[in-house]
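Values in this text are rule-based calculations from the coordinates and carry no lab data. Just so you know, these numbers come straight off a predicted model, no measurement behind them.
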Amino acid sequence: MRYAFVDESGTETPFSSDRFLVIALLSTADPRELALLMHRIRKRYGASTKSGEMKADTSQAVVIERLLRAVAETSSEVVTVVVDKRHIRRPPLDPGEIYRKAMATVARHAVTSGRVLTFAWTSIIRQLDCESGLRKRCATPSQNCPAKRF
């Protein structure tokens, strides 16, 4: 079984200060390997926030580089979707729809390619929002989405 950890950078709001919305999915067969790696990195360099989450924009470049090199040496795979919000001509009424569509795209690719069977979430709000959006998209057979796996 493979597990997925998903995170995003940027906001889904069109015409905001950040140009991109990036959704990254890290897939692994051994989540303990990544948990131990993160534990060592946090112990050595500390977390960026009180919540314990590491933030790239507040971390030193050497920490980011070492973390990325260490992840690259694991048996993990990365799937990403990048939304260049400058190309959005008519934004949806609900800006969250941009996030849900990007998340559905990365999830669909990961699941249909056999990279992921179980998702792990860092935010319960994002989890509920994404799962709801994925179920809606997967309800339509023409969208080629493996609903049975969610």
Task: In sequence order, calculated HN-Hα J values of segment 7-16 (Karplus, 6.51, -1.76, 1.60; Hz; x Gly/Pro) - done: 8, 10, 9, x, 10, 7, 6, x, 6, 8
- [ ] At a temperature of 20 °C and a viscosity of 1.002 mPa s, determine how fast segment 13-99 diffuses translationally according to Stokes-Einstein, using the Kirkwood radius over alpha-carbon pairs as Rh; express D in µm²/s, rounded to the nearest whole number.
- [x] 140 µm²/s
